[in-house]
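Engineer: After the structure tokens below, expect a handful of questions from me.
The values are calculated or read from the model by the stated rules, or taken from the named source; none is laboratory data. Just so you know, these numbers come straight off a predicted model, no measurement behind them. Don't worry about glycine lacking a Cβ; one is built from the backbone with ideal geometry, like all the others, and counts go over all protein chains shown.
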């Protein structure tokens, strides 16, 4: 049995055009109408989903034809279509960028596309860009185009009138610092750093309504597909997971998987707590440890507790920022240096330029785990890697995988549902 649900995929000609702001404003707009809105983010991302979760009131999951896989993407969409009133999907980069691209996702599921175009300084050229996006690949379905960063309602009207009748107008967001979400080197600010986010989304939602947003997206038919069978491989295992302002980069799908496998997840803060909870395994996800150097350095009790955990040969999985915390020291981009746990030999340095961005695959005898790396730091260590990831694509670089006892650490962020068996092995004492 198939399930039908209105759905819309929000994309753009490039990154930085305002996809997240528009998707969040749409989610907020329809949620305020009492609808159950579910949002997905295309590709690997930790920051946008938290904003989209705030806007929609529901957890946000990844869709990616490689990292998540076609089968699991179908499962996620089918299950959601059977439960929700509306599905919104935020694309990644530009519509046709990457392989697989956002366009490939839209094509596979026949989801209508909303193209967001930054229209600052544009007049008739807006229509030319819209025409290029909508005609470049003729088998895509477009719901319309939306102008972002317009100068006034008159500017928006000019852009709307420039469009041919074959390209629907979806509305506009005027240039307004009070709807901006703010950025730093890894992307948008974290949602709890935007103290007035509710007011910003309310303002953006009202702009969309005022500019002509007056209908629901078209319904899409999602075919029934059997759900993945998850065995209770971690039943009774207590996993301590770092979660605070320094360690906040994690996939909701990872938490769901660990829980479905029977694990009891207990959260703790390396920034604020002075002892570990009573756990069998530890999970240190990525985040912004470089923004909390003093607090992490001064929390000696926590550093000692994690060191004891590793010395007792208990599992620890560390990703990116979690890896940096395990080193002897971390230096931020301004040159401030702090002592970390010293569990692994080495020192890390933040840079102002990107060091690596690529999809990754971690080899494991129980099945390779897929994921990605995205970091501005480099590290110097005397420790020889136990393994290396395999980078996908021409320009990505493989990441070293370090090990000590049952500790495994890498710059790679794991998408754990890509291999439940390997994931269970990593956390099993």
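Engineer: Given the structure, is residue 117 assigned to a strand (DSSP E or B) and either modelled with pLDDT under 95 or under 18 Å from the mean Cα position of the chain (by Cα) (or both)?
Structural biologist: Criteria not met by residue 117.
Engineer: Moving to a separate point now. Considering only residues that are touching a helix residue (DSSP H, G or I) at 6+ places or on another chain (Cβ under 6 Å) and either farther than 18 Å from residue 299 by Cα or free of Cβ contacts under 8 Å to residues at least 60 places away in the same chain (or both), which ones fall in the range 337-355?
Structural biologist: Filtering the range 337-355 for residues touching a helix residue (DSSP H, G or I) at 6+ places or on another chain (Cβ under 6 Å) gives 338-341, 343-344, 348, 350.
338, 339, 340, 341, 348, 350, listed by residue number.
Engineer: Could you tell me whether the range 205-224 includes any residue that is out of contact with any helix residue (DSSP H, G or I) (no Cβ under 6 Å at 6 or more places or on another chain), at positive phi and at pLDDT 95 or above?
Structural biologist: No; the residues of the range 205-224 include none that is out of contact with any helix residue (DSSP H, G or I) (no Cβ under 6 Å at 6 or more places or on another chain), at positive phi and at pLDDT 95 or above.
Engineer: Moving on to the next point. Just checking, how many residues over the range 223-267 are assigned to a strand (DSSP E or B) and crowded, with 20+ Cβ neighbours inside 10 Å?
Structural biologist: Within the range 223-267, residues that are assigned to a strand (DSSP E or B) and crowded, with 20+ Cβ neighbours inside 10 Å number 5.
Engineer: Let me ask another. Regarding residue 286, is this residue touching a helix residue (DSSP H, G or I) at 6+ places or on another chain (Cβ under 6 Å), surrounded by 19 or more Cβ atoms within 10 Å (Cβ to Cβ) and over 30 Å from residue 227 (Cα atoms)? Full working, then the answer.
Structural biologist: Numbers: touching a helix residue (DSSP H, G or I) at 6+ places or on another chain (Cβ under 6 Å): yes; surrounded by 19 or more Cβ atoms within 10 Å (Cβ to Cβ): yes; over 30 Å from residue 227 (Cα atoms): no.
It is false that residue 286 is touching a helix residue (DSSP H, G or I) at 6+ places or on another chain (Cβ under 6 Å), surrounded by 19 or more Cβ atoms within 10 Å (Cβ to Cβ) and over 30 Å from residue 227 (Cα atoms).
Engineer: In the list 307, 280, 332, 273, which residue meets the criterion of being surrounded by fewer than 22 Cβ atoms within 10 Å (Cβ to Cβ) and either within 22 Å of residue 376 (Cβ to Cβ) or outside the structural domain of residue 419 (by TED's automatic domain parsing) (or both)?
Structural biologist: Values: 307 fails: either within 22 Å of residue 376 (Cβ to Cβ) or outside the structural domain of residue 419 (by TED's automatic domain parsing) (or both); 280 fails: either within 22 Å of residue 376 (Cβ to Cβ) or outside the structural domain of residue 419 (by TED's automatic domain parsing) (or both); 273 fails: either within 22 Å of residue 376 (Cβ to Cβ) or outside the structural domain of residue 419 (by TED's automatic domain parsing) (or both).
Just a single option satisfies the conditions, and that option is 332.
Engineer: For the range 348-422, which fully contained strands (runs of 3 or more DSSP E) count at least 3 residues that are surrounded by 20 or more Cβ atoms within 10 Å (Cβ to Cβ), at pLDDT 95 or above and at positive phi?
Structural biologist: On the way: elements: 356-362, 369-375, 377-380, 400-404, 407-410.
By residue number, no strands (runs of 3 or more DSSP E) qualify.
Engineer: Just need a number here: residues in the range 71-92 that are within 18 Å of the chain's Cα centre (by Cα) and either part of a strand (DSSP E or B) or surrounded by fewer than 19 Cβ atoms within 10 Å (Cβ to Cβ) (or both).
Structural biologist: 4
Engineer: Whether any residue in the range 41-48 is in the same structural domain as residue 105 (by TED's automatic domain parsing), touching a residue at least 24 places away in the same chain (Cβ under 8 Å), outside any helix (DSSP H, G or I) and closer than 19 Å to residue 112 by Cβ is what I want to check. Spell out the reasoning first.
Structural biologist: Just the residues of the range 41-48 that are in the same structural domain as residue 105 (by TED's automatic domain parsing), to begin with: 41-48.
Okay, now just the ones that are also touching a residue at least 24 places away in the same chain (Cβ under 8 Å), so 41-48.
Keeping just the survivors that are outside any helix (DSSP H, G or I) gives 41-46.
Right, trim to closer than 19 Å to residue 112 by Cβ and you get 41-42.
Scanning the range 41-48 turns up at least one residue that is in the same structural domain as residue 105 (by TED's automatic domain parsing), touching a residue at least 24 places away in the same chain (Cβ under 8 Å), outside any helix (DSSP H, G or I) and closer than 19 Å to residue 112 by Cβ.
Engineer: What strands (runs of 3 or more DSSP E) lie completely within the range 268-344 and have 1 or more residues being closer than 24 Å to residue 45 by Cβ?
Structural biologist: Numbers: elements: 281-284, 316-319, 329-331, 337-339.
Counting at least 1 such residues, we get 281-284, 316-319, 329-331.
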